[in-house]
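A short write-up of the structure that comes next.
The values are calculated or read from the model by the stated rules, or taken from the named source; none is laboratory data. Since this is a predicted model, take the numbers as computed values, not measurements. Every residue, glycine as well, gets a Cβ built from its backbone with ideal geometry; the counts of neighbours run over all protein chains shown.
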Amino acid sequence: MAYLQSSKKKSTFRETAEAVIIALVLALFIRTFIVQAFKIPSGSMLPTLQIGDHILVNKFKYGVKMPFSGKVLVPISEPRPNDIVVFEFPRDPKLDYIKRVIAVAGDSVEMRDKKVYVNGQPFADKYGVYSDTRILPASAGPRDNFGPVKVPEGHIFV
């Protein structure tokens, strides 16, 4: 009788351990290949996304990628203007940036007096909020005036 109780305890422990392991593997698979949660860290996307908001990102909207390398194995679609994308900050890959696509490969982008132009046309930015009305001279740097620049193949402008 004592043997049966010991066996039941092992069986219950084993079932619990298996359930936990399966749940962890499934969660890792979902996070790696299907969907991932991100928290909005700054006000750069206001008013669309508030500081502290959480978003779920479809990991395969633009293609199936090789884990940890980012290499696209099966391309599905390309980012389009006004899409919100998440990417690693080039200078610090530990930082994820969440931004809106302004232009895609082959487009010409220019900023004149704080107004963005894509392919010579004003960018129809229904989401942007402009609170700083000062326009700095070009000698102050490329904050308010720059370009035109052509977006290279394989790149987007955010």
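Side notes on the structure shown:
- Residue list for the stretch 137-158, filter: of a type in the set (Gly, Ala, Ser) and out of contact with any Asp or Glu (no Cβ under 9 Å at 6 or more places or on another chain): SER139, ALA140, GLY141, GLY154
Listed here are the residues, each with its yes/no results for (1) closer than 27 Å to PHE38 by Cα; (2) exposed (fewer than 14 other Cβ atoms within 10 Å of the Cβ).
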position	(1), (2)
GLY70	yes, yes
SER77	yes, yes
ASN82	yes, yes
VAL86	yes, yes
LYS94	yes, yes
GLY106	no, yes
ARG112	no, no
TYR117	no, no
THR133	no, yes
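- Selection within the stretch 61-87 - modelled with pLDDT of 85 or more, hydrophobic (A, V, I, L, M, F, W, C) and in a loop (DSSP other than H, G, I, E, B): ILE76
- Of the set (1) out of contact with any helix residue (DSSP H, G or I) (no Cβ under 8 Å at 6 or more places or on another chain); (2) in contact (Cβ under 8 Å) with a residue 12 or more places away in the chain; (3) under 17 Å from ILE34 (Cα atoms); (4) assigned to a loop (DSSP other than H, G, I, E, B), all apply to VAL57 but (4).
- Test: residue in the stretch 135-148 that is assigned to a strand (DSSP E or B), at pLDDT 90 or above and out of contact with any Cys (no Cβ under 8 Å at 6 or more places or on another chain): yes
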